Every structure is written in structure tokens, then in C-alpha cells.
Amino acid sequence: MKLGKEIKLDLLDNYKTKIGTVNNKESKSLYINLCAWGELEELDDTLNYEYFLSNLRKKIKQKLNNNLDQDLYYNNKYIVDLDMRTSGLSVEKRSFMSCEITLYQKRQYPLNKPKIIDSTKSIIYDVVNNCLENNSVFTFHKRKK
């Protein structure tokens, strides 16, 4: 019997978004997945892109610390996995970016509860608007071309 569940959310023009859980019957954790293709504004040889992405990941974690719903999630237990290859970055081609946020629930609500869907939508909008879109290095797109 399949216990996992995934819901695709078509929330943003430039990002593919989905939420899911490994076990929907006893949902101790859930994940939020954001995917996009990052395009460099301009190539800057003086900028350390690894350091930039590390700071971006830290910024996402700070947003989660300040804005997680204390009734639903543990605010000190989450994982942020931001993955984007910096080797071969160029202005001519887009690079794939994936951000997965794993949250641990205090109560084991199923994924399709309106309370869970609304809180994850809020987290997605917050992360995208305040972290991913608010940078001068990359512009993100839903598709590679």
C-alpha cells in the first residue's frame, strides 16, 4: 500500500512548486519543493557563486525561523536543501535550481488538510518573494528555454 502523497501547486509563474509527505496516515514530516531555472544577470568573475548560494540558503533558514507557524511545526527542526551547480555558469544558458524544505509537524495532520496547504503556500510565497526573487545575481524561470 502506498502511503506517500504529493500535491502539485501551481502558485507562481516562474517556479514549479509541490508539497508532499512520505506517510500521509501518520505525517510526522512534510516537504516543500521549489524548482526553477536560474539565469545569470551578468557574469561576474569577482563573485564567489558558492558563497552566494550558501548565503541564500542561510537567508531561507532565517525566514523559516521567523515565520514558521509554531502551532503546526517545530521551528528548530527543519532541513533546507538548496541545490544549484555553480560549475559552468554562463549568461547564455540557465542552470537548474532545486530547493527542498523539510518540516517536522507537531501534530500529524494529513497533507490535504486546508490548514497545512495554507501554511505551506504562505511559506512558499515568503521564501520566493523575500529570498529567491530578491537578488541581483539570478533571474528564475519555470522552463530551461
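Here are a few things to note about the model shown:
- Contacts under 7 angstrom Cβ, first residue in segment 16-40 being under 15 Å from THR102 (Cα atoms) and in contact (Cβ under 8 Å) with a residue 60 or more places away in the chain, partner polar (S, T, N, Q) and not in a strand (DSSP E or B), 6 or more apart: ILE19/THR120; THR21/SER27; SER27/GLN108; LYS28/GLN108; ILE32/THR120
- ASP13, sole failed condition from (1) charged (D, E, K, R); (2) under 25 Å from LYS142 (Cβ atoms); (3) loosely packed, with under 12 Cβ neighbours inside 10 Å; (4) free of Cβ contacts under 8 Å to residues at least 24 places away in the same chain: (4)
Each row is one residue, and each column tells you yes or no for (1) of a type in the set (D, E, K, R); (2) surrounded by fewer than 14 Cβ atoms within 10 Å (Cβ to Cβ); (3) within 16 Å of ASP13 (Cβ to Cβ); (4) without any contact (Cβ under 8 Å) to a residue 40 or more places away in the chain.
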{"position": "ARG107", "(1), (2), (3), (4)": "yes, yes, no, yes"}
{"position": "LYS113", "(1), (2), (3), (4)": "yes, yes, no, yes"}
{"position": "ASP118", "(1), (2), (3), (4)": "yes, yes, no, yes"}
{"position": "LYS121", "(1), (2), (3), (4)": "yes, no, yes, no"}
{"position": "ASP126", "(1), (2), (3), (4)": "yes, no, no, no"}
{"position": "ASN129", "(1), (2), (3), (4)": "no, yes, yes, yes"}
{"position": "LEU132", "(1), (2), (3), (4)": "no, no, yes, no"}
{"position": "HIS141", "(1), (2), (3), (4)": "no, no, yes, no"}
{"position": "LYS144", "(1), (2), (3), (4)": "yes, yes, yes, no"}
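Values in this text are rule-based calculations from the coordinates and carry no lab data. What you see is a predicted model, and the numbers here were worked out from it, not measured in a lab. Cβ coordinates were reconstructed from backbone atoms using ideal geometry, including for glycine residues, and neighbour counts include every protein chain displayed.
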